[in-house]
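Everything below concerns the one structure shown next.
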Amino acid sequence: MGRIVYLVVFLSILRGGDALFKPEDFRKREVVAIRLDEPLRIDGLLTEPIYLTPPNQTFIQIDPDNGAPASEDTDVWVAYDDEALYILARLWDSQPDSIVARMGRRDADFNSDLFQVIIDAYNDKRSGFFFIINPSGAIQDGTFSNDSRGDDSWDGVWEGRTSIDEDGWTAELRIPYSQLRFNREDEHTWGILFGRLIQRKNEQALFTYIRRGERGMVSHAATLRGIRNIQPPVRREFTPYISSGYSLLPSAKDNTFFNGRDSKIGLGTDIKLGIGSNLTLDATLNPDFGQVEVDPSLINLSAYETFYDEKRPFFIEGANIFSFGRGGPTNRWGFNFSRPSFFYSRRIGQSPRGGVDTDGDVDRPSATSILGAAKLSGKLKNGWSVGGLTTITRRESARIYENGQIRSVEVEPLATYNLLRAQKDFNDGLQGLGIIGSYVYRDYDDPALRDVLNDQAVGLGVDGWTFLNKNKDWALGWWGGMTSVSGSTDRMLSLQQNSSHYFQRPDADHVSVDSALTRMTGYSGRILLNRETGHFMANAALGFVSPGFESNDLGRTTNTDLINMHVGGGYRWYDPGEVFRNLGFITAYASNHDFSGIKTHEILFLNSWAQLLNYWNFDASLFYIPRTLSDNQLRGGPRVVNPERAAINFNVNSDSRKDFAFGFGLNRGRGAGGDNTDVWANVNLKVGSRLSLETGPEYSSRREVAQFVDRIDDVDATVMYGKRYVVAALNQQTVSANVRLNYTFTPRLSFQAYFQPYLSVGEYSEFKEFKRPESYDFLIYGEEGSTIIQKDGEYIIDPTGGDDSDVFTISNPDFNYKALVGTAVLRWEFSPGSTLYLVWTRNGSDDRYPGDFQLGRDLSDLFLAPADNIFVVKAVYWLGR
């Protein structure tokens, strides 16, 4: 009864004082942790004596009514014992029957009510761990870096329970110290920030006040005091696994090595060890990633590599420690700047690159096996955050069966990949400095592979930031780096001429091919200025990538020989009005030049967005690209005109809180070089608290006037430097969809399925060649005395119509690619950190009827095409403290 009287008196005072409520009084707050005599039972029922002590109260809205008291009250207690920190909450609700308590698997987007705590155990006001729980007991967790950048890839081992009653809902969290990182101290001072989301109101509230438009999150945390006489524990975690897989492979039914079937058994382990109180070593031996989602299908008609997202847990977890050049400014606009990187984790374990020249049966590994990998991460007492990664991949060979014999060919050498990262901030995060270094080494048995891959690769970078005043209104970020790769002369010759470099461009006098080269070096960098706070937005950057920069052994480099700049600004309205909840616009100008000063790209950009009071969202963009000269259209040829182009893009999305939510969008572009129309939609259906279905159909129609086809040597083509650059009109139509189904039996038992039907058909016509550099003039084959004849899947072309000395042939490039890929996973976390997976993966494709788009027939072929089916059972067991 005393508890109830206390609350009634407190709430009446608070409500009576709403008119005098000053959110600025809730900037700097303190929380005192309570020492427990014995561990709490985590059941979500709030029955222990600690709940008779005064709680931490008064949350302040971020949205929708920024600065006002939260519409529903929240009480929070913080307690601790020798082993763990306890976060305990009573979340009052005047309409408990309206609490949104959807179930979801770990780290899913619950779209429900939530309670969150951020713990900054280093008290550096930039980094921390976050823990989230919803009323059904579903959990999320992850890390914060750069004050506001959240990453949910980290999965801690902790407990959380909830309960819904007539007063609202409750939550109890037990977080072992082994899951946090902190220094040895007699008395600890941490940062802590509580948050609450009331889904039906779309109301977000925090324990401290953050004015709309302010930057950061962790730096606004309250101060947690009172934790005494605890020490960072010895951290040891072992997670062994066993897996068994069986494959039905129609694609290999006639292959001597498979006869349409395959089976595998895998054993391995992950290890996590604490080194002192600050560093953590994560290691994996013979890792298995059979439970990860398949990559989506696509047709890549460009000269550049396709990059896919990382999905393997070992490389995802804690990946932000290796983030480079991302500190400081929170908005990093980029316009046609292909930012190179020093670390792209999918380089490790990628498909073997060596070729196999045979007409016989081949057993070729689909991926390079990882023998072992280790990561070291943490924060030292002197303030330096450090991260290290080393990986060894196995020497891979393809088996070949021909003429009744089996032989092996090396297709990937033994290799080691190494990465080191360190970063430190100064003056409470006002400045920061970091370094990164990478090293790749390969050991070959077959010397022929040295013509395909680099022997060694080294990368080194430095980055940093500074805020221009103590209020952090403006931020200046920068990074710079260099690379050096070495290998055989044939490999360096190939590298100089690949799509990232094109040193062979005949009209580029600032680069040239060196056939004796055994080492290539380059440099890159960028500086960026951003306005961090307020209604006005401003952003500007200058970046460059030298022609010889090459980080593709462990990172990513797409374009080089590039100087990029942009300048832009805008305005945003935060406060709700009679129609809009918020809206804004930005406009920008950007350009690219090569290192000789030739302008290769230019763009004018305008974007606007708005959210209505009913939480519908709209955004629209306009692009105008003036005529410039392209230095990569002919893939190593001379510069030609890149015609002017204009485009419009818009999106509409309904209120995502609803059980049925949808959106749609359109992109329409047009210019002298072609046009495109892309339409898409997304539908999200929630049935009850357990089932959700998402689908995103897309249709794309693309017409290119001059799609690159081939390059033909001809000494008489003197105007084009001894080559004929064949291009053609391309009409391409693509239909695809992403379909996801999620059913959650309990927060620890769930089923997820992902499937992607994909159909893309391209028809080439009007074959032609460029007449001269720096133009958009063509010789269309079949005109001006030239001839073109189609025969047996080839085109026979005589560009001059004279004798046959310059006649050449090209294969018909038409295509009709259909694929249906997907993954289904039943996931059961039978104990904290321990999981059983049942996995089915499907991969089927068909390429009949090239160039002929008939939707009904092609979709039928897509679903009926033979498919490889892989079934995997995997058990992971966590042992730790």
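The values are calculated or read from the model by the stated rules, or taken from the named source; none is laboratory data. All values derive from a computational prediction rather than experimental measurement. Cβ sites come from the backbone with ideal geometry, for glycine too, and all protein chains shown count toward neighbours. Quick note on the areas: whole protein, heavy atoms, side chains included, nothing else; ligands and nucleic acids left out. Shrake-Rupley method; radii C 1.70, N 1.55, O 1.52, S 1.80 Å.
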Being on the phi < 0 side of the Ramachandran plot and within 27 Å of the chain's Cα centre (by Cα) is the requirement here; does Gln204 meet it? yes
Out of all the residues in region 128-145, is one or more among the aliphatic types (A, V, I, L, M), touching an Asp or Glu at 6+ places or on another chain (Cβ under 7 Å), at pLDDT 90 or above and assigned to a loop (DSSP other than H, G, I, E, B)? no
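Could you run through region 613-622 and say how many residues are open to solvent by less than 70 Å² (accessible area, probe 1.4 Å) and modelled with pLDDT of 95 or more?
If we filter region 613-622 for residues that are open to solvent by less than 70 Å² (accessible area, probe 1.4 Å), which is where we start, we get 613, 615, 617, 619-621.
Pick out the ones that are also modelled with pLDDT of 95 or more and you get 617, 619-621.
Count: 4.
Are any of the residues in region 423-430 within 24 Å of the chain's Cα centre (by Cα) and either within 30 Å of Asp147 (Cα to Cα) or among the basic types (Lys, Arg) (or both)?
Of region 423-430, the ones within 24 Å of the chain's Cα centre (by Cα) are 423.
Retained after the next criterion (residues that are either within 30 Å of Asp147 (Cα to Cα) or among the basic types (Lys, Arg) (or both)): 423.
Yes; the residues of region 423-430 include at least one that is within 24 Å of the chain's Cα centre (by Cα) and either within 30 Å of Asp147 (Cα to Cα) or among the basic types (Lys, Arg) (or both).
Tell me, please, whether a residue that is among the basic types (Lys, Arg), crowded, with 22+ Cβ neighbours inside 10 Å and within 28 Å of Gly477 (Cα to Cα) can be found in region 368-378. Give the derivation first.
Start the filter on region 368-378 by keeping residues that are among the basic types (Lys, Arg), which leaves 375.
Now drop any that are not crowded, with 22+ Cβ neighbours inside 10 Å, which leaves 375.
Subsequent filtering for residues that are within 28 Å of Gly477 (Cα to Cα) retains 375.
Among the residues of region 368-378, at least one is among the basic types (Lys, Arg), crowded, with 22+ Cβ neighbours inside 10 Å and within 28 Å of Gly477 (Cα to Cα), which makes the answer yes.
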Would you mention how many residues in region 780-821 are touching a residue at least 24 places away in the same chain (Cβ under 8 Å), open to solvent by less than 40 Å² (accessible area, probe 1.4 Å) and in a loop (DSSP other than H, G, I, E, B)? 3
Ile316 passes all but one of the listed conditions (1) open to solvent by less than 30 Å² (accessible area, probe 1.4 Å); (2) closer than 30 Å to Glu214 by Cα; (3) among the hydrophobic types (A, V, I, L, M, F, W, C); (4) modelled with pLDDT under 90; the exception is number (1)
Out of (1) open to solvent by 50 Å² or more (accessible area, probe 1.4 Å); (2) modelled with pLDDT of 85 or more, the odd one out for Lys272 is which? (1)
Name, by its number, the condition in (1) open to solvent by less than 60 Å² (accessible area, probe 1.4 Å); (2) assigned to a strand (DSSP E or B); (3) closer than 30 Å to Ala101 by Cβ that does not hold for Arg657. (2)
Suppose we keep only residues that are in a loop (DSSP other than H, G, I, E, B) and surrounded by 17 or more Cβ atoms within 10 Å (Cβ to Cβ) within region 715-755. Which one would you say is modelled with the highest pLDDT? Ala717
Inside region 593-609, the number of residues satisfying the requirement of being open to solvent by 50 Å² or more (accessible area, probe 1.4 Å) and charged (D, E, K, R) is 1
Considering only region 664-677, how many residues are assigned to a strand (DSSP E or B) and in contact (Cβ under 8 Å) with a residue 24 or more places away in the chain? 7
The condition of being in contact with a helix residue (DSSP H, G or I) (Cβ under 8 Å, 6 or more places away or on another chain) and in contact (Cβ under 8 Å) with a residue 12 or more places away in the chain holds, among Arg421, Arg394, only for Arg421
Residue count for region 365-412, restricted to those that are of a type outside the set (Ser, Thr, Tyr) and outside any strand (DSSP E or B): 11
Among the residues of region 665-709, write down those that are over 30 Å from Leu749 (Cβ atoms), open to solvent by 70 Å² or more (accessible area, probe 1.4 Å) and touching a Ser or Thr at 6+ places or on another chain (Cβ under 8 Å). Arg668, Glu698, Tyr699
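Which of the residues spanning region 846-881 are among the small types (Gly, Ala, Ser), surrounded by fewer than 18 Cβ atoms within 10 Å (Cβ to Cβ) and not in a helix (DSSP H, G or I)?
Correct list: Gly851, Ala865, Ala875, Gly880.
Per-residue answers, yes or no, for (1) in contact with a strand residue (DSSP E or B) (Cβ under 9 Å, 6 or more places away or on another chain); (2) open to solvent by 10 Å² or more (accessible area, probe 1.4 Å):
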position	(1), (2)
Asp75	yes, no
Asp97	no, yes
Asp107	yes, yes
Lys125	yes, yes
So, first residue on the phi > 0 side of the Ramachandran plot in region 603-630, second residue open to solvent by 60 Å² or more (accessible area, probe 1.4 Å) and among the polar types (S, T, N, Q), Cβ within less than 9 Å, six or more apart or across chains; the pairs are Tyr615/Ser656
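Residues checked against (1) without any contact (Cβ under 8 Å) to a residue 12 or more places away in the chain; (2) farther than 26 Å from Gln611 by Cβ:
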{"residue": "Asp514", "(1), (2)": "no, yes"}
{"residue": "Leu528", "(1), (2)": "no, yes"}
{"residue": "Thr533", "(1), (2)": "no, no"}
{"residue": "Phe536", "(1), (2)": "no, no"}
{"residue": "Ser551", "(1), (2)": "no, yes"}
{"residue": "Met565", "(1), (2)": "no, yes"}
{"residue": "Gly577", "(1), (2)": "yes, no"}
Considering Arg364, Arg421, which residue is open to solvent by 60 Å² or more (accessible area, probe 1.4 Å) and not polar (S, T, N, Q)? Arg364
For region 687-712, which positions are out of contact with any Phe, Trp or Tyr (no Cβ under 9 Å at 6 or more places or on another chain) and of a type in the set (D, E, K, R)? Glu694, Arg702, Arg703, Glu704
Could you go through region 630-642 and let me know if any residue there is open to solvent by 70 Å² or more (accessible area, probe 1.4 Å) and touching a strand residue (DSSP E or B) at 6+ places or on another chain (Cβ under 7 Å). no
Test set (1) hydroxyl-bearing (Ser, Thr, Tyr); (2) in contact with a strand residue (DSSP E or B) (Cβ under 8 Å, 6 or more places away or on another chain); (3) under 18 Å from Pro757 (Cα atoms) - Tyr837 fails condition number: (3)
Where in region 431-500 are there strands (runs of 3 or more DSSP E), lying fully within it, with 1 or more residues that are open to solvent by 20 Å² or more (accessible area, probe 1.4 Å) and of a type in the set (Val, Ile, Thr)? 431-443, 456-467
Of all residues in region 215-250, count the ones that are part of a loop (DSSP other than H, G, I, E, B) and surrounded by fewer than 18 Cβ atoms within 10 Å (Cβ to Cβ). 4
Matching residues, region 251-266, being of a type in the set (D, E, K, R) and open to solvent by less than 60 Å² (accessible area, probe 1.4 Å): Asp262
Suppose we keep only residues that are open to solvent by 10 Å² or more (accessible area, probe 1.4 Å) and in a loop (DSSP other than H, G, I, E, B) within region 166-208. Which one would you say is farthest from Asn111 (Cα to Cα)? Asp186
Mind counting the residues in region 643-654 that are surrounded by fewer than 16 Cβ atoms within 10 Å (Cβ to Cβ) and not in a loop (DSSP other than H, G, I, E, B)? 4
Please work out which one of (1) more than 24 Å from the chain's Cα centre (by Cα); (2) over 30 Å from Gly597 (Cα atoms) is the condition Leu419 fails and give its number. (1)
